[in-house]
Amino acid sequence: MTNESTSEGLKRVVGLPAFAMSIVNNSIGSGIFVMPAIIGIQLGSFSIFCYLFCSLMLATIMLCYAEIGSRITTSGGSYAYIAAAFGSYAGFIANWLYTFGWGILGSAAVMNLLADSLAVLFPVFTLPFVRALLYFALLSFMVLVNIRGAKDGARFVQIITIAKILPLFAIIIFGFSHIKAANLHWEHLPSLQSFGDATLILFYAFAGFEVSLGVCGEIQKPHRTIPLGILLGGMVVLIVYLLLQIVTQGILGDQLILFKDAPLAAVGRIIIGPAGATVLVLTAVVSCFGITSGDVMATPRLLFAGAKNGLFPKFLSIVHPKFATPYFAITSYACLIFIVAVSGGFKQLAILASAAILLIYLAVIFSTIKLRSVKQISLEKTFKIPGGLVIPFIGIAAIVWLLFSLSKIEILATALFITSVSIVYVLMKKFKKTNYND
């Protein structure tokens, strides 16, 4: 199959298997290694219903992404969708919120968690200098892989995804024989407050699928691949999460609170022995590496798309003459992750992340609704959510509910961030207008 070149100078080299695997990789992250205990302690065996409820909420958002992703097939993912529906200002805010308020801070946090996990086995990784060298080496490798092409980056993400999924499947398969039925019985319903708090926490464990859409300008047959990849990847994530919760809850039961920091490692120790805990720690390291690799592959495309539209410095839109990748955007993005990871500043700024991703999801749903009224220019058939506006409205209601659960400091930080970015946007427009008049 020849690789189709796009008007952006990129090549469509990412197929359905790679895209679906990327969805799985970017959704199943480091949180899964502690989430079964967090949710299990709050809700007991009723936690299974929380997973089902949360997955239904996320399904409504995923379906909106599937619809709009089959219509807007240029690079940029969420940014491209919002900009197409509401213009450059909305796109500018979305790009900054996603790239800086969610992507860079999230990947910096994951890199620190990777070092923390390695420090369990090798204490030398508690030293700041050693951690900095580790970050530099890993991020440099990710940059080199992704500059060589989206196909190489996607293939590497596939390998990492398989490496981290196999141990999780092993826990599920071998763990079922250790389940105690009594640990899965529930005698009373949790309070609405407890259920809501647990749902909010779990929601972010499912988030991340949208990262993969950053490379939508390099996906083969996007009108078909994007909706199918989202649906297939989403189903795998739900099944893995649900089965891991059942196994962990069924094996540990009331003892979950004793292993709240590493419930899967405790399960691995019961199933395999001491080596099981070590395997799970290494799996956590691989998972963190996979999450950041997927982010370095996809999110720089938002910088690339923004630069193409004049929102960021022009050099970020330069495409490598040989590999047809936005290599300046990839390198710049990785450098920002390194700086934040080393400084540890993300711990203070990460309060933006929760509100940032919820606002992005909300804007994409509204974009989906608005673009339905726009006549489709492409001759290729696109995906459309059945049921009219029912599913988008359910998604809107779910996000608004979660937004009301945010703390005052999260809301204030997000408002300040948006205000600052808006000022930057106005100044940029004024500067360009002045130069044009000169």
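The set of residues in the stretch 138-185 that are among the charged types (D, E, K, R), farther than 30 Å from S45 by Cβ and assigned to a helix (DSSP H, G or I) comprises K151, D152, R155.
Just to be sure, is S177 hydroxyl-bearing (S, T, Y) and touching a residue at least 24 places away in the same chain (Cβ under 8 Å)? Considered against the rule, which asks whether it is hydroxyl-bearing (S, T, Y) and touching a residue at least 24 places away in the same chain (Cβ under 8 Å), S177 comes out as no. All conditions in (1) outside any helix (DSSP H, G or I); (2) under 27 Å from A59 (Cα atoms) hold for H188, with the sole exception of (2).
The set of residues in the stretch 1-30 that are in a loop (DSSP other than H, G, I, E, B) and either at pLDDT 70 or above or touching a helix residue (DSSP H, G or I) at 6+ places or on another chain (Cβ under 7 Å) (or both) comprises T6, E8, L10, V13, G15, I28, G29. Hey, among the residues in the stretch 100-127 that are crowded, with 22+ Cβ neighbours inside 10 Å and hydroxyl-bearing (S, T, Y), which one's nearest to the chain's Cα centre (by Cα)? Once the filter is applied, the top-ranked residue is S107. The one condition from (1) among the hydrophobic types (A, V, I, L, M, F, W, C); (2) exposed (fewer than 11 other Cβ atoms within 10 Å of the Cβ); (3) closer than 17 Å to L358 by Cβ; (4) modelled with pLDDT of 90 or more that A397 does not meet is (2). Here A154 fulfils each of the conditions (1) touching a strand residue (DSSP E or B) at 6+ places or on another chain (Cβ under 6 Å); (2) at pLDDT 85 or above apart from (2).
Contact map, the stretch 362-378: first residue within 13 Å of G87 (Cβ to Cβ), second residue among the basic types (K, R) and at pLDDT below 90, Cβ cut-off under 8 Å, separation 6 or more or different chains; pairs are L371/R71.
Residues in the stretch 46-62 that are crowded, with 24+ Cβ neighbours inside 10 Å and either modelled with pLDDT of 90 or more or assigned to a loop (DSSP other than H, G, I, E, B) (or both): I61 alone. For beta carbons closer than 7 Å, sequence separation of 6+ or different chains, a first residue in the stretch 237-263 that is in contact (Cβ under 8 Å) with a residue 40 or more places away in the chain and among the small types (G, A, S) and a second that is surrounded by 19 or more Cβ atoms within 10 Å (Cβ to Cβ) and assigned to a helix (DSSP H, G or I), the qualifying pairs are G250/N183; G253/N183; A262/F33.
The residue that is nearest to V237 (Cα to Cα), counting only those in the stretch 189-216 that are more than 18 Å from the chain's Cα centre (by Cα) and in contact (Cβ under 8 Å) with a residue 24 or more places away in the chain, is A198.
Restricting the stretch 304-325 to residues that are exposed (fewer than 15 other Cβ atoms within 10 Å of the Cβ) and among the basic types (K, R), which is modelled with the lowest pLDDT? Out of the qualifying residues, it is K322. Surrounded by 17 or more Cβ atoms within 10 Å (Cβ to Cβ), at negative phi, modelled with pLDDT under 80 and in a helix (DSSP H, G or I), is that true of A198? Taking the combined requirement at face value, the residue does not satisfy it. Within the stretch 35-63, residues that are on the phi > 0 side of the Ramachandran plot have Cβ atoms under 9 Å from residues that are assigned to a helix (DSSP H, G or I) and surrounded by 24 or more Cβ atoms within 10 Å (Cβ to Cβ) in these pairs: G44/Q249, counting only partners at least 6 apart in sequence or on another chain.
The values are calculated or read from the model by the stated rules, or taken from the named source; none is laboratory data. All figures in this text were calculated on a predicted structure; none of them were measured in a lab. Because the Cβ atoms are built from the backbone with ideal geometry, glycine has one as well, and the counts that use them run over all protein chains shown.
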